[in-house]
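Worksheet: one structure, shown below.
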Amino acid sequence: MTPSGYVLLQSALPFLRHKDACGLTRLLRRNWPNERLLRMLASQDPETVKLTVVCLSLTADMEATPHLAAVLQHDDPVAAYLAEHALWSTWFRGGSTEASASLRQAVRLTANQELSAAVQLLSEWIEKEPDFAELYNQRAIAHFLGEQFKEAIADCQRTVELNPFHFGAFAGMGHCYTQLGDFQRARESYYEALRIHPRVAGIRQTLRYLRRAQEKKTSNKLSAS
C-alpha cells in the first residue's frame, strides 16, 4: 500500500471496524477532500485503489464519475466491483437532498410493483431537476417493468446524454430493444455498456443469446425463400 493509502487506512479503520458509515463520511469530508482521493485513484497499488474507491462511494459527486468509471477497467475484479458500487452511490446523490430522497422512495415503489406511482413521483422531480440523470434511469426501469419499452428507451437515452458513463442505462436500452425484436440496436447498446464496464453482469451471456436468435431468424428466412 502506498504511504498515502496507509495513512487513509489508519484514519478510516476505526470507522470501518464499527461499520460507522456516517462517522467515516464526516472524517473524509473534513480531512480527505475528493480532489485528494481522486489523485490516489491513479495509484498502481490495487489496495490503495480499492480503499480509495470505498471512501469515494461515501463522498464523491458527479464530477468523480469519469475517474471512478476508469476503475471499472481495472485488472483487479474487486476494484472494478467496488467502483461499480461507488458509481451507483454517486449517481443516486446526483441531485438535491430532497430529490435523492424521492428517488430512493421511487425505487421502493418500483420494487413493490407500484409502477404508476413510481413513474408519477419521478416525473414530478424531473420537472424540478431536469439534469438529475438517475431520475430518468429509474423511470426507465419502471417503464420497462410496465412493458412500455419505447418510453423506457427515451428515458435511457436522456440518461446517457446527461451521464455518458451510465453503463446501466446502455444495458437497459439493450433490454428494451431486445423486447422489441430490434436485435441490432440491442447489440449496439450492450456493446456500449461493455465498453464502459467490461464486467457488467449478464451482458455477454445476453449477447450470445442474441447471436443465436439472429442466426435462427436468418435461417428461417432462408428456409421460407
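The values are calculated or read from the model by the stated rules, or taken from the named source; none is laboratory data. If you're wondering where the values come from, they're calculated on a predicted model, not measured in any experiment. Don't worry about glycine lacking a Cβ; one is built from the backbone with ideal geometry, like all the others, and counts go over all protein chains shown.
Conditions tested, residue by residue: (1) within 24 Å of ALA201 (Cβ to Cβ); (2) part of a helix (DSSP H, G or I).
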residue: GLY5; (1), (2): no, yes
residue: LEU38; (1), (2): no, yes
residue: LEU58; (1), (2): yes, yes
residue: ALA69; (1), (2): yes, yes
residue: GLN73; (1), (2): yes, no
residue: ALA99; (1), (2): no, yes
residue: SER102; (1), (2): no, yes
residue: ALA106; (1), (2): yes, yes
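Could you run through the stretch 140-168 and say how many residues are under 13 Å from VAL119 (Cβ atoms) and without any contact (Cβ under 8 Å) to a residue 24 or more places away in the chain?
4
Among the candidates GLN138, GLN214, single out the residue that is outside the structural domain of ASP76 (by TED's automatic domain parsing), assigned to a helix (DSSP H, G or I) and more than 13 Å from the chain's Cα centre (by Cα).
Being outside the structural domain of ASP76 (by TED's automatic domain parsing), assigned to a helix (DSSP H, G or I) and more than 13 Å from the chain's Cα centre (by Cα) holds for just one of GLN138, GLN214, which is GLN214.
Look through the stretch 199-216, keep the residues that are closer than 17 Å to HIS166 by Cβ and loosely packed, with under 14 Cβ neighbours inside 10 Å, and return whichever of them is modelled with the highest pLDDT.
GLY202
Conditions tested, residue by residue: (1) buried (at least 24 other Cβ atoms within 10 Å of the Cβ); (2) within 26 Å of ASP61 (Cβ to Cβ).
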{"residue": "LEU87", "(1), (2)": "yes, yes"}
{"residue": "GLN113", "(1), (2)": "no, no"}
{"residue": "LEU121", "(1), (2)": "no, yes"}
{"residue": "GLU127", "(1), (2)": "no, yes"}
{"residue": "GLN148", "(1), (2)": "no, no"}
{"residue": "PRO164", "(1), (2)": "no, yes"}
{"residue": "LEU180", "(1), (2)": "no, no"}
{"residue": "GLU188", "(1), (2)": "no, no"}
{"residue": "ILE196", "(1), (2)": "no, yes"}
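Condition check ((1) closer than 18 Å to PRO198 by Cα; (2) under 14 Å from the mean Cα position of the chain (by Cα)) across all residues:
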{"residue": "ASP76", "(1), (2)": "yes, no"}
{"residue": "ALA80", "(1), (2)": "yes, yes"}
{"residue": "TRP88", "(1), (2)": "yes, yes"}
{"residue": "ARG108", "(1), (2)": "no, no"}
{"residue": "LEU115", "(1), (2)": "no, no"}
{"residue": "GLU124", "(1), (2)": "no, no"}
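Exactly one condition in (1) crowded, with 17+ Cβ neighbours inside 10 Å; (2) assigned by TED's automatic domain parsing to the domain that holds TYR136; (3) polar (S, T, N, Q) is false for SER57; which is it?
For SER57, the failing item is (2).
Would you pick out the residues in the stretch 129-139 that are crowded, with 21+ Cβ neighbours inside 10 Å and charged (D, E, K, R)?
Within the stretch 129-139, GLU134, ARG139 meet the criteria.
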